[in-house]
Amino acid sequence: MQYFHFMKGYLQLRVKIYYHELRQMLPAVGQLIAFLLSILYLAISASILTALISLSVIADINTPIEQRIIYQSVYLFLLYFLIRIQKNAILGLNYQHYLATLPIPVKLKHINTVLLTIVAGNLLLLAPLFLLTFIPDWATFISQIHFPIFALSTLIVAWLCLKNQSLPWLSLLFAPLVFLLGFKGNSLSAVGFNTSLLLLLVVEAYYEPVLFISNKVLRVTYYFQIRWIAIKKDPANALIRIFCCGLFIGLVAYVQYKIGQVANGYVQILSCWVLAIIIGSYQFDNEEFYQHYPHYLSGLLNQFRTRYCLDILPAMFIALLSSVAMYYCLNFSLIIITLLPFGVLITMICVSKFNRSFFIIPSLLYALFMYIL
Amino acid sequence: MLILSNVSKFYQKNAVLQDLTYQFDGQKYCIVGPNGCGKTTLLMLTAGLETVSAGEITFDGQLVHLANTKRHLGISSDKIVLPDFLTAQQLLEYHCSQHKCSYPTTLIEHLEFTVQLTTQVSALSLGSLKKISLLLALAHQPKCLMLDEPTTGLDHNSRVWLLDYIQNYPGQILVTSHEKCFTENPNFQQIVLAEMNQCSTFIL
């Protein structure tokens, strides 16, 4: 009885911390979310539904291996990011020392973490497990073993996300790419692919090979190295933006593929503008960095203007890469594509000047100007 | 020489320092006063880390917030939040590359900081944070050294070494402290920063 009393009180505390952290996080991306919801509200709900619908493709053992690799990788990626952005809230990391002082059994803490992870991962985490319950008997279970292995992979991804610091590049990025390029045709079975992926995830959970390499201490002599280390230390925001850009470009490519024509001017301008806002809003991170270390940065011998220009470069680089990809792969017009880097620049400057109150409008005006042209 | 001319500092409408004018023409100073009277703020202003609301601060005739002036200034204060994602060594290396000075191996040994060099700043203890802060202030041997409560949190050996080092430091030193080793030290000229919100001058 006392155990349940403990459990109830502790769970209430963890839930409060979880929602408090989420509330803290929301204003930081509030305008971006509001913007995305207003422009892409159908696409967002559709992308979640697409992820769920993709389970039918993943569950089908006859799905071609290339399609399986793409669907499963995107699914696991989405799950990873969904939990990664809530990691602080799930684990209550900002209050970890206080939580550690509480006389709560470790097992109970783990149970609470599992419950909160399920809440955080919701449909993406639960849907595969839910589908498993529909397997009627062990014979079917064995014949369809690739899906239980995939369901187990989703759990490992969730656990790995909470346990490790770095993104599991090896299992979520590198391996799928190698499989995709190396096993064209059906020379690799679904069970083989899923088992390999599961093993890699387990290996990465314990050894973090990429982190091992990146942990080599580098000699720091330039400011940009400091920023790079800062980004690597907390990569979530940068990765979310890169992921959103990839997803968005992928969606545009998919639409083009389906309708079999070059996207018209309006779609091109809209795509460039949305990407400009997503990439340009990265300036919020830079501003947060400036606000976090004001005195240290003031003490540096380089000028603020120099640091500002250096901090803009990564976003501009991503914008440029996206522009090149859209120009060569999606046949975007060269004139319209210039909207992307310029839009990013305008957005970033507006974030610095006006912060959250006015950063979308100038690039929108620029996009309208392009549309009229 | 460090000169304050009609310096005021406001945080919103709250005046922390008001119309201060002073020439630091001596070698060693200890700024004293009750908590919250503006001692740390004064150091931050004189190091060029915060901007003055009115007036100006110069060192050797140049404004303190200019990069060239900052080469001659060094500050250690707990108020300066260091990049906690770097290791102590990375922080020192970057500092030395900026100031084009040699890596402060001897200082590190004297402060017994060698073991902590590979530790991330976020994982350093309070005493170690004080040491890295001091190392950053001392590494480039500034003409004017500003130390905010320099002995707080230091272990016995480091404290003894630091006091001796400060005693023989060739440049100008401004210290804020409540410790007798500074407040009752005849080598340090005492500056009482009193009644800051109403009063506007140093009382010597």
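The values are calculated or read from the model by the stated rules, or taken from the named source; none is laboratory data. Everything numeric in this text was worked out from a predicted model, so none of it was measured. Please note: Cβ atoms are built from the backbone with ideal geometry, for glycine as well, and neighbour counts cover all protein chains shown.
Here are the numbers for this structure:
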| read-out | value |
| --- | --- |
| Filter result for residue B:18 (more than 23 Å from residue B:191 (Cβ to Cβ) and either part of a strand (DSSP E or B) or within 13 Å of another protein chain (Cβ to nearest Cβ) (or both)) | no |
| Residues (in contact (Cβ under 8 Å) with a residue 12 or more places away in the chain and aromatic (Phe, Trp, Tyr)) located in segment A:144-196 | A:147, A:150, A:159, A:169, A:179, A:183, A:193 |
| Unmet criterion (only one of (1) within 14 Å of chain A (Cβ to nearest Cβ); (2) under 24 Å from residue A:220 (Cβ atoms); (3) β-branched (Val, Ile, Thr)) for residue B:40 | (2) |
| From B:132, B:75, residue being within 11 Å of chain A (Cβ to nearest Cβ) and either under 14 Å from the mean Cα position of the chain (by Cα) or aromatic (Phe, Trp, Tyr) (or both) | B:75 |
| Residue match in segment B:22-44 (condition: in contact with a Lys or Arg (Cβ under 9 Å, 6 or more places away or on another chain) and of a type in the set (D, E, K, R)) | no |
| Output for segment B:78-117, where each listed residue is at the interface with another protein chain (Cβ under 8 Å from one of its Cβ atoms) and either of a type in the set (Asp, Glu) or closer than 18 Å to residue A:294 by Cα (or both) | B:79, B:80, B:81, B:82, B:83, B:85, B:86, B:91, B:93, B:94, B:98 |
| Single match in B:77, B:102, B:122 (criterion: of a type outside the set (Val, Ile, Thr) and touching a strand residue (DSSP E or B) at 6+ places or on another chain (Cβ under 9 Å)) | B:77 |
| Enumeration of residues in segment B:114-171 that are touching a helix residue (DSSP H, G or I) at 6+ places or on another chain (Cβ under 7 Å) and polar (S, T, N, Q) | B:114, B:116, B:118, B:119, B:128, B:151, B:152, B:158 |
| Flag if residue A:48 is part of a helix (DSSP H, G or I) and at pLDDT 80 or above | no |
| Residues of segment B:49-68 classified as farther than 26 Å from residue B:187 by Cβ, crowded, with 21+ Cβ neighbours inside 10 Å and not β-branched (Val, Ile, Thr), total | 1 |
| Any hit, segment A:272-279, residues being within 14 Å of chain B (Cβ to nearest Cβ), surrounded by 13 or more Cβ atoms within 10 Å (Cβ to Cβ) and out of contact with any Gly (no Cβ under 7 Å at 6 or more places or on another chain) | no |
| Selection within segment B:31-50 - of a type in the set (S, T, N, Q) and either touching a helix residue (DSSP H, G or I) at 6+ places or on another chain (Cβ under 6 Å) or in contact (Cβ under 8 Å) with a residue 12 or more places away in the chain (or both) | B:40, B:41, B:46 |
